[in-house]
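A short worksheet on the structure shown next.
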Amino acid sequence: MAGKKIGALIGGSGLIGGTIVNYYKTRHPDTVDIRAPSSKKLSIREEEDIRLYLNEIRPDFVINAAMASLGSDCHLSYQVNYLGAINLARAANSLGIPYIHISSAATLPAGLDLGEEETLPLSAQLSNYAKSKLMAEITLRQMAATEGLDYSCIRLGIVYGAHDHKIQGFHRLFFSIAAESMPVLFTKKNTLHSYSNARKLPHCIHHMLCHRQEFRGQTYHFVDRNPVDLATLILTIKSYLNLSQPKEIYVPFWLANYGRKFLQVMVRLCRRIGLKAALPPELMFLDSFYKPQTLSPRRLLQSSFVDPMPEETIFSQLPELVAYYLSRWNHHNLIDTFRDSLQVEPTLEEAFRQNPQALIDRVHAAGIGPYPGTTGEARPEPRH
Ligand SMILES: NC(=O)c1ccc[n+]([C@@H]2O[C@H](COP(=O)([O-])OP(=O)(O)OC[C@H]3O[C@@H](n4cnc5c(N)ncnc54)[C@H](OP(=O)(O)O)[C@@H]3O)[C@@H](O)[C@H]2O)c1
């Protein structure tokens, strides 16, 4: 359609990327055609893939919401989180289009009300994730200064939202509570963190893309205005789910750290005898359960972007998230704690278990012929 902008989104199957695709498809279907190739079609580990794909679709902007999984080794973290991000930016720069880069609070130290400039020093000791994300931020800044790159970097805190199919970050914490595998609190009182609402983020990205002069070459913290105390959040989820644990007992860091080391030894032993075992990669963030880290939202609040849902916080979103994730985790047989209280379709479930033929008959009766209105005519020529 003439006049429709094309956006290339990398990481469209992920929590953040999926929310961005959904936003463009539902809110701007007439003005933006968002293309989100899978990592099989376009792996940002391959420079050639990036160039070929972007040359083929000739987008008007690029958004990078890809990341290597948290537990990835140096190689993968470097190739996806650093080199991939930089190669995408180079391609965007040669096309003369804006590049939106999603980064993380992992590039920041612990502390309160941290500004955008207060990054960690780049050092060998950082985790693969933090190091590669920080390296990307450093090179992107350099590319803006010396190569004229038009980019905006958006740093996220702990993200909450639907469709986290990999169960990472906050959703891993939530999962541990729902699965009743967190007997006590692995944090200390008054440990504040910043949270980012995945559903609001695409509004901000779209605004930034429409106001390049204002947002060009800058990093912004995209977090809820008020930080949240970790223990309060855990205990709120617990009472919401009507569970008896975790107990309000605060495990000191030294003990939690000792426990982590013990589990690491157990996992190694299991692997030696051929058992598949792994600790959640979030355990690499154990320190941050005990150290506050809050990001200042000031720069974004002072910009022309207006929060479309200022009343939404992680607490107000809990009912929706609980309903979504409990039903999903039950369907996937990951937990069974709440099966009875969930609104599953009882007749369907019963029929599938006891009388599958009845379901086949129902589907056949509804029709299994070709869809009316769908023809086998040749596809229109792709746009070049
Ligand atoms: N989730 C959080 O709590 C959080 C917090 C702070 C910052 N962030 C940042 O937000 C961004 C998105 O995170 P997320 O939570 O949405 O991650 P996610 O759910 O794990 O999704 C990652 C996406 O990256 C894609 N990907 C991985 N390797 C790729 C490759 N080689 N080429 C192309 N695509 C590749 C994945 O595709 P496949 O599934 O096909 O592999 C997936 O679509 C990242 O920059 C992350 O650092 C997230």
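The values are calculated or read from the model by the stated rules, or taken from the named source; none is laboratory data. Keep in mind that this is a model prediction, so the values were computed, not measured. Using ideal geometry, Cβ is built from the backbone for each residue, glycine included, and neighbour counts are taken over all protein chains shown. When the accessible area is computed, the model is the full protein with side chains, heavy atoms only, and any ligands, DNA or RNA have been set aside. Shrake-Rupley method; radii C 1.70, N 1.55, O 1.52, S 1.80 Å.
Considered as a group, the residues in the stretch 45-62 that are in a loop (DSSP other than H, G, I, E, B) and in contact (Cβ under 8 Å) with a residue 24 or more places away in the chain include one that is nearest to the ligand (Cβ to nearest atom), and that residue is R45. Evaluate the following for S239: is it assigned by TED's automatic domain parsing to the domain that holds N330 and among the hydroxyl-bearing types (S, T, Y)? In short, yes. Of all the criteria given as (1) in contact with a Gly (Cβ under 6 Å, 6 or more places away or on another chain); (2) surrounded by fewer than 16 Cβ atoms within 10 Å (Cβ to Cβ), the one not satisfied by A65 is (2). Restricting A8, A65 to residues that are within 17 Å of A89 (Cβ to Cβ) and near the ligand (Cβ under 7 Å from one of its atoms) narrows the list to A65. Please state which of the following conditions K25 fails to meet, knowing it meets all the rest: (1) more than 24 Å from I158 (Cα to Cα); (2) assigned to a loop (DSSP other than H, G, I, E, B). Failed condition: (2).
Looking at the stretch 54-82, which of its residues are among the acidic types (D, E) and under 20 Å from S152 (Cα atoms)?
Of all residues in the stretch 54-82, those among the acidic types (D, E) come to 56, 60, 73.
The answer is D60, and nothing else.
Evaluated against (1) surrounded by fewer than 17 Cβ atoms within 10 Å (Cβ to Cβ); (2) more than 26 Å from M284 (Cα to Cα); (3) within 9 Å of the ligand (Cβ to nearest atom), L42 falls short on exactly one condition, (1). The residues of the stretch 230-268 that are open to solvent by 30 Å² or more (accessible area, probe 1.4 Å) and within 24 Å of G161 (Cα to Cα), listed by number, are T232, L235, T236, K238, S239, Y240, N242, Q245.
Candidates are the residues of the stretch 158-178 that are in contact with a Phe, Trp or Tyr (Cβ under 8 Å, 6 or more places away or on another chain) and small (G, A, S); the one that is nearest to the ligand (Cβ to nearest atom) is A162.
If the condition is being among the small types (G, A, S), surrounded by fewer than 20 Cβ atoms within 10 Å (Cβ to Cβ) and closer than 13 Å to H221 by Cα, then the stretch 86-125 contributes only G115.
May I ask you to list the residues in the stretch 269-311 that are charged (D, E, K, R) and modelled with pLDDT under 95? Passing the criteria: R271, R272, K276, E282, D287, K291, E311.
Out of A85, A36, A65, which single residue is of a type in the set (A, V, I, L, M, F, W, C) and without any contact (Cβ under 8 Å) to a residue 40 or more places away in the chain?
A36 is the lone residue from the list that is of a type in the set (A, V, I, L, M, F, W, C) and without any contact (Cβ under 8 Å) to a residue 40 or more places away in the chain.
The residues of the stretch 147-160 that are part of a loop (DSSP other than H, G, I, E, B) and either at pLDDT below 90 or open to solvent by 10 Å² or more (accessible area, probe 1.4 Å) (or both), listed by number, are G148, D150, G157.
Residues in the stretch 20-39 that are more than 8 Å from the ligand (Cβ to nearest atom) and either among the hydroxyl-bearing types (S, T, Y) or on the phi > 0 side of the Ramachandran plot (or both): Y23, Y24, T26, T31. State which residue is modelled with the highest pLDDT when the search covers only the stretch 162-188 and only residues that are in a loop (DSSP other than H, G, I, E, B), open to solvent by 30 Å² or more (accessible area, probe 1.4 Å) and touching a helix residue (DSSP H, G or I) at 6+ places or on another chain (Cβ under 6 Å). Among those that are in a loop (DSSP other than H, G, I, E, B), open to solvent by 30 Å² or more (accessible area, probe 1.4 Å) and touching a helix residue (DSSP H, G or I) at 6+ places or on another chain (Cβ under 6 Å), it is K188.
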